[in-house]
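These notes are about the structure you will find just below.
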Amino acid sequence: MPEPDSLEALLAAERAERHRLQSELELRDSALNSASSHFLILDVTRPAWSIVYANRAVAKDHGYTPAELLGKSPTLLLDLEQHQEPFGRLRQAVREGDSTSVEVISRRRDGSTFCVGMFLTPLRPASGATITHYLAIGADITVRLEQERTRQLLQEQLYNEMKERERIGIELRLAQKLESVGRLAAGIAHEINTPIQYIGDSVSFLQATQMDLAGLRSAYISAIQQMQDSTHARQAMESVRAAERAVDLAFVDQEVPKAFARTLEGVQRVAAIVRAMKEFAHPDSAEQSPADLNRAIETTLLVAHNEYKYCAQVETDLTELPDVMCNVGELNQVFLNLIVNAAHAIAETGKDAREGKITVTSRSLGEQVEISVADNGCGISEENLERIFDPFFTTKPMGRGTGQGLAITRAIVIEKHGGHVNVHSEVGSGTRFVLRLPVDGRQAVRAA
C-alpha cells in the first residue's frame, strides 16, 4: 500500500495531467471553432452513424448549436432524396476505409438549403485496429458555384455573340457576292435575250418563207407542165429538173424543216435559260411577297443543270402549293445550295447519270409547305451531322466548298422565314434535307 505522501503525489500528478489534457482540448475546440470551415467527427460504427463532434461554423451555418448536433445522424443536415448517389459513395468509402469528397445540398433547420463541398477522411487508430471514426471537413460553396455558373453563362453568351457576328459577317459577304452575281446575271440575260429574240424572229420568218417558196415552186412546176407542147416548155422543164438534181431537192425538202425545228427548239431553250437566270437573279428585298415555290424550284433546277447533268438524273414530284409569303431570291439560293450539295455527294461516290438520283418533292401541309431534296450519294457521318450547319465547316476538299452554304441555308429558312430545317442521312445510302416554311411568312410565325 503506497505511503500517504506518495498517494498524494500521484493524485496531484493525475490532476495535473487531466488539467493539461483539458487545456489541450479547449485549445483544440477554440481553434476549430474559430475556423470558418465545417468540422464534423462521425462515429461510423453504428448503421445510422452519429455526430460526436461539431464545430461552431457547421452548427451555425445549419441553424443549430454544437450541443444540438451531438449524437444526431449527419442525415439531419442533408436531403437524402437528392443525395442517394453521393451518400452511396460515402458509405462505400467508409466500408473500404478510403477518403472521398462530395458536393451536396445541405439543409438548414428552417428548411432552406445551400451547397457544401465536403472531404471525408478516416481517423486511423493504432495499426491494425478497425476504423471507427471519420473526419468531415466542409465549406459553404454556394457563392463559388454561383460565380462559376455566372462565368459559364458569360462565356456561353460571348461564344453565342461571336457566332452571331460571324454569321452576320458571312451573310454580309454572301449578300455582296450575290448582289454582284445578280447584276452580272441580269446583264448577261439582257444581252443574250435581245439577239436570241432576233434569231427567233428571223428563224420563224425563214421557216414561213421556206414554206411559201415551196408552194411557189410547186406552182412554177405545174405551170411549166401545162406548157409541155412547146419546145421551150420542154427545155425549161429539163432545166428545172437539172437544177433540182443539182441541189438534191428531195433531201432539202426533207431536212430544212427539221433544221428549222431544231433551231427554234434551241432558241426556246436559250430563252428559257435566260428567263430562269432573270428569275434566279431577282434582287433581294427586305419585304416578303407571295411566290410560287414550285416555279422557283424548276427555275433553280434549270440554272443548276450543269452541276448535276453528268452524275445524276433529277426526279420531281411537285404537288400544287399555295403561294408562299417569302423572299423568293433567298429561297432560290437555298434550293441551289441543296441541289449542288446533292450533286457533289453523288459525284463523290463515282456514280454516273444512270445511277445517281436527286429527288425534289413539294407538298402542302395546311399552314406550311414542305420541300425536300434527297440524293443517293455518300451520306453524312454521325459525328459530322451535328456540325454541318456550323459556319465554315465542310468535308469537301479545298477549293470545292467553303462551308458557308448550309450555314446560310439555315439562317435563311429559320431566322428569315420562320421555318425549320431537318436532315436525315445514312453513310453509303444518301441524304435528305426537309424544309418547312410557313405559308403566311415570318410575320405570321412571330405573331403566333
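Tell me, which residue of segment 356-377 that is over 17 Å from residue 306 (Cα atoms) and among the acidic types (Asp, Glu) is surrounded by the fewest Cβ atoms within 10 Å (Cβ to Cβ)? Checked segment 356-377; the qualifying residue surrounded by the fewest Cβ atoms within 10 Å (Cβ to Cβ) is 367.
Let's see how each residue does on (1) among the small types (Gly, Ala, Ser); (2) touching a Lys or Arg at 6+ places or on another chain (Cβ under 8 Å); (3) more than 30 Å from residue 217 (Cβ to Cβ):
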{"residue": "258", "(1), (2), (3)": "no, no, no"}
{"residue": "263", "(1), (2), (3)": "no, no, no"}
{"residue": "271", "(1), (2), (3)": "yes, no, yes"}
{"residue": "331", "(1), (2), (3)": "no, no, yes"}
{"residue": "336", "(1), (2), (3)": "no, no, yes"}
{"residue": "339", "(1), (2), (3)": "no, no, yes"}
{"residue": "345", "(1), (2), (3)": "yes, no, yes"}
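On the stretch given as segment 414-444, residues that are surrounded by 15 or more Cβ atoms within 10 Å (Cβ to Cβ), aliphatic (A, V, I, L, M) and at pLDDT below 90 total 1.
The condition (being under 23 Å from the mean Cα position of the chain (by Cα), modelled with pLDDT under 70 and not assigned by TED's automatic domain parsing to the domain that holds residue 60) is satisfied by just one residue among 184, 158, 172: 172.
Residues that are surrounded by fewer than 16 Cβ atoms within 10 Å (Cβ to Cβ) and in contact with a strand residue (DSSP E or B) (Cβ under 9 Å, 6 or more places away or on another chain): does segment 328-350 have at least one? Spell out how you get there, then give the answer.
Of the residues in segment 328-350, the ones surrounded by fewer than 16 Cβ atoms within 10 Å (Cβ to Cβ) are 350.
Filter again for in contact with a strand residue (DSSP E or B) (Cβ under 9 Å, 6 or more places away or on another chain), leaving none.
Taking every residue of segment 328-350 in turn, none turns out to be surrounded by fewer than 16 Cβ atoms within 10 Å (Cβ to Cβ) and in contact with a strand residue (DSSP E or B) (Cβ under 9 Å, 6 or more places away or on another chain).
Quick check: anything in segment 122-132 within 44 Å of the chain's Cα centre (by Cα) and loosely packed, with under 14 Cβ neighbours inside 10 Å? No, segment 122-132 contains no residue that is within 44 Å of the chain's Cα centre (by Cα) and loosely packed, with under 14 Cβ neighbours inside 10 Å.
The values are calculated or read from the model by the stated rules, or taken from the named source; none is laboratory data. No experiment lies behind these values; they were computed from the predicted model shown. Virtual Cβ from ideal backbone geometry, glycine too; neighbours counted across all protein chains shown.
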